[in-house]
Protein chains: 2
Amino acid sequence: MENKKEIPYKIYLEESEMPKAWYNLRADMANKPAPLLNPGTGQPMTAEELSGVFCEELVKQELDNDTKFYPIPQEILDFYKMYRPSPLVRAYCLEEKLKTPAKIYYKFEGNNTSGSHKLNSAIAQAYYAKKQGLTGVTTETGAGQWGTALSMACAYLGLDLKVFMVKVSYEQKPFRREVMRTYGADVTPSPSDKTDIGRKILAEFPGTTGSLGCAISEAVEVAVKNPGYRYVLGSVLNQVLLHQSIIGLETKAALDKYGIKPDMIIGCAGGGSNLGGLIAPFMGEKLRGEADYRIIAVEPASCPSFTRGTFAYDFADTGMICPLAKMYTLGSSFIPSANHAGGLRFHGMSTILSQLYHDGYMEARSVEQTSVFEAAEYFARTEGILPAPESSHAIRAAIDEAIKCRETGEEKTIVFGLTGTGYFDLKAYESFNDGTMTDYIPTDEEIAASVAKLPKV
Amino acid sequence: MENKKEIPYKIYLEESEMPKAWYNLRADMANKPAPLLNPGTGQPMTAEELSGVFCEELVKQELDNDTKFYPIPQEILDFYKMYRPSPLVRAYCLEEKLKTPAKIYYKFEGNNTSGSHKLNSAIAQAYYAKKQGLTGVTTETGAGQWGTALSMACAYLGLDLKVFMVKVSYEQKPFRREVMRTYGADVTPSPSDKTDIGRKILAEFPGTTGSLGCAISEAVEVAVKNPGYRYVLGSVLNQVLLHQSIIGLETKAALDKYGIKPDMIIGCAGGGSNLGGLIAPFMGEKLRGEADYRIIAVEPASCPSFTRGTFAYDFADTGMICPLAKMYTLGSSFIPSANHAGGLRFHGMSTILSQLYHDGYMEARSVEQTSVFEAAEYFARTEGILPAPESSHAIRAAIDEAIKCRETGEEKTIVFGLTGTGYFDLKAYESFNDGTMTDYIPTDEEIAASVAKLPKV
């Protein structure tokens, strides 16, 4: 390894260099993302309809396709300073081990107790709820990253939080549950007897271990029935991508500071919160014709919404109670295999990213689970950080691209998003270490069957 | 909260400002720490005797009371740059919530996958083993922080690692075990049938769940019997405090950069690796008469070696195979209660820190477990970071001192060491959240009984 590096291992912006506004990518899109539809009427959801479920300011952000920048409130900036700016890391060790001429950078979002980028939107959503004078918020969580992030934000602001956690996760992932409880959240295994829908499901399926769709339904019911509460969600929504633009803005500021121009930007894609945030300012330049980048979404082969899904209106939730969104989808009845990257097990995709992919502004590829964990292990041993399974999809693609550079001799600059750490995913690593991990790729027939059930709009 | 802060939330040194040499506190001590003794002869251990167990360079560092600075090899500096410099955080939110005029800073060592400061010495010890041409190293681990750190260092350098993990931890803490395996370590539950001592113990006590003393014995046996191996240890030793001085040196450089002079420095104390590292340059100034600081060691009331122990020669291990060290000790036969701060459950203390405490250069206090977890929860909800139970002992004392400042109106500057994160300690948090956590304080009779068994020197 060289002894002197012009570019440090970790680029930390000064606090004074942190972005002061979120960037709304929709403002630069010629083809705006399709509006959410009311599943009953087939008409676009109005602000009034949405405000029974979401905070007013967040409804505004959700529907606003035009305002380019949203100033970040000072209180949120102060919270961000507790764990941001996050480092942009030059992967010197990885480059050397791969013997690649490529220059690899990753934006690391895992250096906070929630362990992922989810905190960026959690604090924003909690802040607007608090500002509206609400008592609290409700949400669902599966693996628990979003619930953990939200519990931290609510504890900081003194906001009540009710989390419905899929029962099987509640029992099998007690660590995440305890982090949320330590932050004062009220965590209920779902289905529960606290809601009508929960009691109904328990009566019908007494032994059920729950599902994300059911947990969403319970969280929404509690929010709608309790005047001082609203429901919040950690991905997919336009507002979430807006808040997550902080990732890309910081990344771009750090690159600009050292005069680095990336050739490609790689991110894992589940509902799109990380990917949409990471690429936002780069995609903006591309949309405005100011620069060109390859932008690559990486998804699991077991849940390939971009690469094998259909661009159509669909329910965002398996319970079919949410508005319809136009997106790349495998169908809301599609049940992905028990892939260990829980954050990427979503049948659909952000409407913003779906439109951009449809319009040819980005690429997508799918990767298999064991190959993802091979990359994760390689990365951990080389760069020190134990990555989340979700993030490791991006690592896989970045390594593949770096190997191509080794073969062609091209000195490309690769930037990828390392969304989080794998400290709560050791069961997955255990199955990889034991050699018992498997891959699963859905058949064309499976996908066709769930796509056939798409709602007619 | 004020909107403009002169001092940032997190002070990150530039990579160019990182310390280039470790500081050997012993060089400034008028009363040197007492030498290790051979338990057979009662004579000081020679370099030759020690080099069968430890690497040559590390033996030199262990015995060297005079060399003031050890240049950090470039390879170790490069590794440090993957996770250092660590931030010195201004606890603005904690100050505000406590309504204290005190200024509180903490040096956060948990932002790496091992989750603690242990990595600082792990990479150094692994490096010297590699440089000596060894095949690998052996060690023991209880809760697993040290084993995790060492596995990361060995993976980076391509060094073989055999970890003997106390069987009960191996079974009950599978997450730590899997992190080590992901980094390529060979992890064996102890006692095992791989060693003479292990087989002997298994024959005598077939159902035993192991102990740290037994794991040490197995690790040392494997190191001594295999020519290409040496044994390494994560705390207590002088060499470990030398490497850990990076914590204090960075802390002091960050404070100096902003012209901040602390009034007191607080650290948790188990074997002394964190405390000794954190205070090193400050204690140096104090020893040289250049400055004065209150230096406070915080230990668990369940294992109070400083506050209720005896300053005498004792075995460092419960198995009584290690050299004798002069230290504050509760007796090597003292069995601390199952306190959740596993890293602080050691009957003795670093000989360096013991001498300094004996000579009146530092204070010590003990705190009870539930009060430590109250402080941990308060800190987590306020500053965002979920702290390790060990680190939370220092948090408890820092909060107590900040409350005193509120009462007296004094604007003291408090610096404490936040050694790590509590992501792998959620069982402990669960018992706190459930209200089932208990406190245990040993009786005078218990301590007297184990102290009565101290070896005669």
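Only one of these is at negative phi and outside the structural domain of A:MET327 (by TED's automatic domain parsing): A:LEU94, A:LEU37. Name it.
Going through A:LEU94, A:LEU37 in turn, just one is at negative phi and outside the structural domain of A:MET327 (by TED's automatic domain parsing): A:LEU37.
I'd like the full set of residues that are in contact with a Gly (Cβ under 6 Å, 6 or more places away or on another chain) and part of a helix (DSSP H, G or I), limited to the stretch B:236-269.
Within the stretch B:236-269, B:LEU241, B:GLN244, B:SER245, B:ILE247, B:GLY248 meet the criteria.
Output the residues belonging to the stretch A:179-235 that are outside any loop (DSSP other than H, G, I, E, B) and of a type in the set (Phe, Trp, Tyr).
A:TYR229, A:TYR231
Just to be sure I understand, how many residues within the stretch B:116-150 are on the phi > 0 side of the Ramachandran plot and of a type in the set (A, V, I, L, M)?
0
Within the stretch A:413-427, count every residue that is within 14 Å of chain B (Cβ to nearest Cβ) and among the β-branched types (Val, Ile, Thr).
The total comes to 1.
Could you look through the stretch A:380-393, keep only residues that are assigned to a helix (DSSP H, G or I) and within 14 Å of chain B (Cβ to nearest Cβ), and pick out the one that is nearest to A:ASN65 (Cα to Cα)?
In this case the residue turns out to be A:SER391.
Under the condition of being among the β-branched types (Val, Ile, Thr) and out of contact with any strand residue (DSSP E or B) (no Cβ under 7 Å at 6 or more places or on another chain), which residue from the stretch A:120-155 is surrounded by the most Cβ atoms within 10 Å (Cβ to Cβ)?
A:THR148
The rows are residues; the columns are (1) over 21 Å from A:ASN24 (Cα atoms); (2) open to solvent by 10 Å² or more (accessible area, probe 1.4 Å).
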position: A:ALA280; (1), (2): no, no
position: A:MET283; (1), (2): no, no
position: A:ALA291; (1), (2): no, yes
position: A:ALA312; (1), (2): yes, yes
position: A:THR329; (1), (2): yes, no
position: A:HIS340; (1), (2): yes, yes
position: A:SER354; (1), (2): no, no
position: A:TYR357; (1), (2): no, yes
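Only one of (1) outside any loop (DSSP other than H, G, I, E, B); (2) touching a residue at least 12 places away in the same chain (Cβ under 8 Å); (3) within 14 Å of chain A (Cβ to nearest Cβ) is not met by B:ASP78, so which one is it?
(2)
Is it true that B:LEU157 is more than 10 Å from every other protein chain (Cβ to nearest Cβ) and out of contact with any helix residue (DSSP H, G or I) (no Cβ under 8 Å at 6 or more places or on another chain)?
In short, no.
Filter the stretch A:341-379 down to the residues that are within 14 Å of chain B (Cβ to nearest Cβ), in contact (Cβ under 8 Å) with a residue 40 or more places away in the chain and small (Gly, Ala, Ser) and list them by number.
Answer for the stretch A:341-379, where residues must be within 14 Å of chain B (Cβ to nearest Cβ), in contact (Cβ under 8 Å) with a residue 40 or more places away in the chain and small (Gly, Ala, Ser): just A:ALA376.
From the list A:GLU401, A:GLU445, A:GLU410, A:GLU430, which one is open to solvent by 20 Å² or more (accessible area, probe 1.4 Å), in a helix (DSSP H, G or I) and more than 14 Å from chain B (Cβ to nearest Cβ)?
Matching residue, one of A:GLU401, A:GLU445, A:GLU410, A:GLU430: A:GLU445.
For the stretch B:20-39, check the following and say yes or no: at least one residue is in a helix (DSSP H, G or I) and at the interface with chain A (Cβ under 9 Å from one of its Cβ atoms).
Within the stretch B:20-39, none of the residues are in a helix (DSSP H, G or I) and at the interface with chain A (Cβ under 9 Å from one of its Cβ atoms).
Being farther than 15 Å from A:LEU212 by Cβ, in contact with a strand residue (DSSP E or B) (Cβ under 8 Å, 6 or more places away or on another chain) and open to solvent by 10 Å² or more (accessible area, probe 1.4 Å) is the filter here, so list the residues in the stretch A:156-182 that pass it.
A:LEU159, A:ASP160, A:LYS162, A:GLU171, A:ARG177, A:ARG181
The values are calculated or read from the model by the stated rules, or taken from the named source; none is laboratory data. What you see is a predicted model; the values in this text were computed from it and never measured. All Cβ positions, even for glycine, are placed from backbone atoms using ideal geometry, and neighbour counts span all protein chains on display. Calculation scope for accessible area: heavy atoms of the full protein, side chains included, ligands and nucleic acids excluded. Shrake-Rupley method; radii C 1.70, N 1.55, O 1.52, S 1.80 Å.
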